[in-house]
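The values are calculated or read from the model by the stated rules, or taken from the named source; none is laboratory data. Because the structure is a prediction, the values reported are computed rather than measured. Note that we place each Cβ from the backbone using ideal geometry, even for glycine, and neighbour counts take in every protein chain shown. We work out accessible area using only protein heavy atoms, side chains counted, and drop any ligands, DNA or RNA first. Shrake-Rupley method; radii C 1.70, N 1.55, O 1.52, S 1.80 Å.
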Amino acid sequence: MSAYTSTLGGERHRFDSLARLLAAASPERSGDRLAGLAAGSARERVAARWALAEVPLAAFLTEPLIPYETDDVTRLILDTHDTAAFAPVAGLTVGEFREWLLSEAADAATLAAVSPGLTPEMVAAVSKLMGNADLVAVARKVRVVTAFRSTIGLPGRLATRLQPNHPTDDPAGVAAALLDGLLLGSGDAVIGINPATDSPKAVRDLLQLLDGVIQRYAIPTQSCVLCHVTTSVDLMERGAPVDLVFQSIAGTQAANASFGVTLGLLDEAYEAARALGRGTVGDNVMYFETGQGSALSADAHHGVDQQTVEARAYAVARRYDPLLVNTVVGFIGPEYLYDGRQILRAALEDHFCGKLLGLPMGLDICYTNHADADDDDIATMLTMLGVAGASFVICTPGGDDIMLNYQSASYHDALYLREVLGLRPAPEFEAWLGSIGLLDERGAIAAAPGAHPLTAIGRELAA
Amino acid sequence: MTDSQVSLGTEDLALWSALRRHTQARIGLGRAGSALPTRHRLELQTAHAAARDAVHSPFDPDLVAAGLTGMPTVRVRSAAGDRLTYLQRPDLGRRLHPTDRAHLPTGDWDVVFVIADGLSSRAVHEHAAAMVRETVARLGSWRIAPVVLAEQSRVALGDDIASTMRATTAVVLIGERPGMSAADSLGAYLTYRPTPGVTTDADRNCLSNIRPPLGLTYEVAAGKLAGLMGRARELGATGVGLKDDADVPLLEH
């Protein structure tokens, strides 16, 4: 294990390992302090960045942060590393890599070609040397396009997850929130429900409800009920209409074990979902959620800072060519990300790291009531992530999820973002919105759709 | 603002009004341009303000003690010195302040009630004393320790308190994380023979949403709690083995 040092203003700082160096260089957040990993002072943090800037990218291939022998995520990262793709940046230090990423030479095609040669640790490291604007500027150059019944990630597009959750999974309550979202042009990334229970029967009922609406109105989108991967496998075997397999994942084997997940289980689910062939314009069948702090929360972070360990989760995700990867950035609470400033920073980091690693990154831009954040933070984050080219965002009725008890973006917020940045829905979904009269003459979501065919859903429920 | 349903016609208003019977979700809000109409934006802020104030308003042990007519009380703090530290360092909220352990008497007690501010002092101010009174009235011959009023406290602080005082059972009444529809919800956590650092959340039973008149009433909650306490004593355990009448434990504490 190497030690890293730097001298700043006559003061010498020493970092005993690459993991210590990365943790000390990380922008301040409560979770790293809770873990006892954060820099002890602002000077130490900058000293760590000076030292980190000199570290060769290749060092991350020879000094694993978590031992190869004991962690299958480390093995996945190193065993699948593409040396040929890495070649153009193999001679760079982390500091030089930052400058290369920001340069004109690193265009969309070049970044896509290098991506399989990058490891989570490399992109996490360089993110620690980047400002918020850097994270936007580089991420927006990256394009990751995926598809199932709609196409996600095309230039000039922003998709949304319609999240019609209900505290008791009441079908009428779900359908009412679903109608609300559709009328506001939401749902092109996925119509996804967090169920109140993980029981196969409850999940199956919700899947059938969503599948029924999607088929009846020929909506070019996909559904997902966010249950455990083993429940999805079970339901697929019994013929339930599973479009996407969902799973929460994390950046260490032990943290994944705390979710009841192994790479073997994910392999099995991935093969089963692909075999169903339910996609029409693509076959990306996985939907993953991640979020900084989950490894610490599971006491499975191995002394690695929360942003770096989060990026390692993306190595797990990219093995499965997912349709959607969602970092649920502000859900975990103030002991991991204290306020709007820390949540924003984490959102930009996660989006940047995921995109560089080739993932269709979207975000649940959100907060809980004990975090120091509010709806203005949602607006700030949405705007920056929209500029950064986020693939999709999570949307809830009025910005308030009554099942998970937190605040996220609203359907209205997505309309705002599309309007101010000139972004449009996924092309298939946009065409569908037009075909049923939900777009106005400018191509925006019509303010007053009137006696719309979709409201038949509502009238049946109201009757 | 008399009719802020900017883009909804009469027919739509009637439809959404009917749909709201099925869900508390903020549906059919209408639009002002792309944004929420003013009324709905302010309603969202009103709910959030109540939640924020509940999280940040200081705990008033005198107020709670005054409601515990005649019962002896003891005051302790956790190792989290202020609210900002409390919110960011759950580990400190589970530990006693180093000088406050000496405040705790020891005795041959069957139960200690710990009234903890948690994430909503408001819930504790409004409901905790009444819950203790109602529960004690149902306990008959139980030997009851002085009530501990704990500031900047998480649920697990009760483990340390009960084991220090040598009380067999800990009942922690704590302010739950405020949501947008309720900022005054009290939780009750029951733990049999807690041991700091060994006891986990799986060893507890929980009653949630104690907040009359909209949530559980004191009578109902105290009846459930006293019933659970009796069965825990017979079983010699709390947690997964004692699930029957209890609600699912909360994730956040």
Original post:
Under 5 Å between amide H atoms, partner at least 5 residues away or on a different chain: which partners does residue A:13 have, H built in plane at 1.01 Å?
Top reply: A:6, A:7, A:8
Subject >> Cα-projected label distance for residue A:11 with residue A:237, points at 7 Å along beta-carbon direction, nm >> reply: 6.0 nm
Original post:
Check residue A:406: other-chain or 5+ apart residues with amide H under 5 Å from its amide H, H built from backbone geometry?
Top reply: A:401
Subject >> Of A:333, A:254, A:48, farthest towards positive along the dipole that unit charges on Lys, Arg, Asp, Glu beta carbons give chain A >> reply: A:48
Subject >> Cα lying deepest toward the dipole's positive end in chain A, options A:227, A:26, A:147, charges on Cβ >> reply: A:147
Original post:
Short version: ³J(HN,Hα) in whole Hz for each residue of the range A:340-353, in order, from phi by Karplus 6.51 cos²θ - 1.76 cosθ + 1.60 (θ = phi - 60°), x for Gly and Pro, what are they?
Top reply: x, 5, 6, 5, 4, 4, 4, 4, 5, 4, 5, 4, 4, 5
Original post:
Under the classification rounded if a/c is under 1.5, otherwise prolate if a/b is larger than b/c and oblate if not, where does the range A:146-435 fall, given a ≥ b ≥ c as square roots of the Cα gyration tensor eigenvalues?
Top reply: rounded
**OP:** Apply the Karplus parameterisation 6.51 cos²θ - 1.76 cosθ + 1.60, with θ equal to phi minus 60°, to every residue of the range A:282-295 and state each ³J(HN,Hα) to the nearest whole Hz, in sequence, with x for glycine and proline.
**Re:** x, 10, 7, 10, 10, 10, 10, 10, 9, x, 4, x, 5, 6
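Regarding the range A:4-139, what whole-number volume in Å³ per residue does the convex hull of its Cα atoms give?
120 Å³
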Subject >> Cβ-placed point charges (K, R +1; D, E -1), dipole of the range A:63-173 about Cα centre in debye, nearest 20 >> reply: 620 debye
**OP:** Quick one: grab the alpha carbon gyration tensor of the range B:61-242, order the square roots of its eigenvalues as a ≥ b ≥ c, and give me rounded if a/c is under 1.5, else prolate or oblate depending on whether a/b is larger than b/c.
**Re:** rounded
**OP:** Return the residues of the range B:63-94 for which accessible area with all protein chains present is lower than in the chain on its own by 10 Å² or more; set the probe to 1.4 Å and exclude ligands, DNA and RNA.
**Re:** B:84, B:87, B:88, B:89, B:90, B:91
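Using the Cα centre as the reference, give the magnitude of the dipole from point charges on the C-beta atoms of chain B (Lys, Arg: +1; Asp, Glu: -1; all else neutral), rounded to the nearest 20 debye.
200 debye
Taking a ≥ b ≥ c as the square roots of the Cα gyration tensor eigenvalues, with a/c under 1.5 meaning rounded and otherwise prolate when a/b beats b/c, else oblate, which class fits the protein assembly as shown?
Oblate, because a/c is 1.5 or more while a/b does not exceed b/c.
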Original post:
Once amide H atoms are placed 1.01 Å from N in the peptide plane, what residues at a sequence separation of 5 or more from residue A:424, or on another chain, have their amide H within under 5 Å of its amide H?
Top reply: A:157, A:158
**OP:** Enumerate lysine pairs in the protein assembly as shown that are 8 or more residues apart or on different chains, then count those whose Cα atoms are under 29 Å apart.
**Re:** 5
Original post:
Tell me, what HN-Hα J-couplings in whole Hz come from the Karplus equation 6.51 cos²θ - 1.76 cosθ + 1.60 at θ = phi - 60° for each residue of the range A:165-173, using x for Gly and Pro?
Top reply: 5, 9, x, 10, 6, 4, x, 5, x
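State the percentage of accessible surface on the protein assembly as shown attributable to carbon and sulfur atoms; use a 1.4 Å probe and exclude ligands, DNA and RNA. Don't skip to the end; give the middle numbers.
Working: 13580 of 25710 Å².
Taking all protein chains in place, the protein assembly as shown shows 53 percent carbon and sulfur surface.
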Subject >> Computed [θ] at 222 nm, helices only, for the protein assembly as shown once each DSSP H run of length n ≥ 4 contributes -39500 (n - 2.57) >> reply: -12000 deg cm²/dmol
Subject >> Selected from A:187, A:218, A:269, residue furthest toward positive end of dipole (the range A:179-317; charges at beta carbon) >> reply: A:218
**OP:** At 1.4 Å probe size, with every protein chain present, just tell me what the per residue accessible area of the protein assembly as shown comes to in Å².
**Re:** 36 Å²
Subject >> Charge tally in the Cβ shell below 13 Å around residue A:102, where Lys, Arg are +1 and Asp, Glu are -1, residue A:102 excluded >> reply: -2
**OP:** Can you tell me the FRET efficiency between residue B:71 and residue A:463 if r is taken as the Cβ-Cβ distance and R0 is 60 Å, rounded to the nearest 0.05?
**Re:** 0.60
